[in-house]
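Data block below; observations after.
Just so you know, all these numbers are worked out from the coordinates, no wet-lab data involved. Source: prediction; values computed, not measured.
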Amino acid sequence: MNMESNDAKKIIKRLDVMINLLLSSNKINPIKDADKISYLSQLGLNSSEIAEITSKSRQNIDVVLRRLKRKK
């Protein structure tokens, strides 16, 4: 039962993130990929999870996250 609980928590976390992204996007002013990746990272997702959601490679996500950290 504990494993199912952890799986449910992961699903809920991803659904929350997807809802937040949908609410913050629009067709007139779409969100840039780097901003999406940054936002997902800030919400606590790791690079593998972000890669799954954005359909990008984990390596690509890691590069973007490194570039974003350098800009700060």
Exercise. When semi-axes √(5λ) of the Cα gyration tensor in Å is calculated directly from the model, which label among (1) 32, 12, 8; (2) 23, 16, 10; (3) 33, 11, 9 fits?
Worked result: (2)
For this session: Report the full-extension gain for the segment residue 35 to residue 13: residue separation times 0.36 nm, less the Cα-Cα distance, to one decimal in nm.
Result: 6.0 nm
Seminar exercise, completed: Taking Cα pairs closer than 8 Å and at least 6 residues apart, the relative contact order of the chain in percent is 23
Exercise. Taking Cα atoms, how many degrees apart are the long axis of helix 58-71 and the longest axis of the chain, rounded to 10 and kept between 0 and 90?
Worked result: 60
Seminar exercise, completed: Going residue by residue through region 36-46, the Karplus relation 6.51 cos²θ - 1.76 cosθ + 1.60 with θ = phi - 60° gives ³J(HN,Hα) values, rounded to whole Hz and with x marking Gly or Pro, of 4, 4, 4, 4, 4, 5, 5, 7, x, 7, 8
Seminar exercise, completed: The pairs in 32/56; 13/72; 36/71 lying past 21 Å Cα-Cα in this model are 13/72
